[in-house]
Amino acid sequence: MLTSIKTILIRELESTLEKVRKDELVCSEDEAMKLIASLAHEPMSKERVLIYLGWSRAKFDDYVHRGLMPRGRKRSGWKELCWYRDEINDCLMEIRQKYGTT
């Protein structure tokens with residue numbers, strides 16, 4: 001990432017974080033959810049997903065096979081499939097609502 005863009009991003013994130021901490025962030029719930037989604041759209045390898053969820057490979061593969069978790073996607077520059085953290089979180093919430101636990 002370009003140094004100037006990185007500097008601006010850090011400054012804006014720190015400013016936003018400080019506003020959130022002081023309960024001074026003025027935005028709608030929809031705008032806040034969009035911000036969260038954009039920050040959480042982070043690609044993860046299967047190993048990282050397993051660590052994030054605290055699941056075994058077999059359990060995760062079973063949930064993917066049953067359509068409860070998304071299938072991995074190819075990503076430019078990656079040799080392996082990737083999953084996105086926000087999509088994993090959405091599926092996890094659906095599973096908890098549907099089945100009560102994971």
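Derivation of every value follows stated rules applied to the coordinates shown; laboratory data play no part. Predicted, not measured: the structure shown is a model, and the values here were computed from it. Heads up, the Cβs are rebuilt from the backbone with ideal geometry, glycines too, and the neighbour counts pull from every protein chain shown.
For a straight C-alpha distance cut-off of 20 angstrom, the lysines reachable from Lys59 (same-chain residues fewer than eight places away being disregarded) are Lys46, Lys98.
For region 1-62, which GluC sites (Glu not before Pro) are in a loop by DSSP, counting at most 13 other Cβ atoms within 10 Å? Could you put the intermediate results ahead of the total?
Numbers: sites: Glu12, Glu14, Glu18, Glu24, Glu29, Glu31, Glu47; in loops: Glu24.
Of the GluC sites (Glu not before Pro), the ones in loops of region 1-62 whose Cβ has at most 13 other Cβ atoms within 10 Å are Glu24.
Remark: spin-label model distance Asp61-Ser38 equals 3.8 nm, labels positioned 7 Å along the Cα→Cβ axis.
From the C-alpha coordinates alone, can you work out the Kirkwood hydrodynamic radius of region 62-102, in Å? Walk me through the numbers before you get to the answer.
Working: mean 1/r = 0.0900 Å⁻¹.
Mean inverse Cα-Cα distance, inverted, gives 11.1 Å.
Mind jotting down the distance between the C-alpha centroids of region 1-25 and region 33-77, whole Å? Between the Cα centres of region 33-77 and region 1-25 lies a distance of 27 Å.
Is it possible to state the helix-based mean residue ellipticity at 222 nm for the chain, with each DSSP H run of 4+ residues giving -39500 (n - 2.57), the sum divided by total residues, to the nearest 500 deg cm²/dmol? What is it?
Values: 5 runs with 63 residues, N = 102.
Helix contribution divided over all residues of the chain: -19500 deg cm²/dmol.
In square nanometres, what is one fourth of the surface area of the convex hull spanned by the alpha carbons of region 1-47?
Values: hull surface 18.8 nm².
Hull-based average projected area comes out at 4.7 nm².
Beyond 24 Å, what share of the Cα-Cα pairs of the chain remains, rounded to the nearest whole percent?
Counting every Cα pair in the chain, those more than 24 Å apart make up 41 percent.
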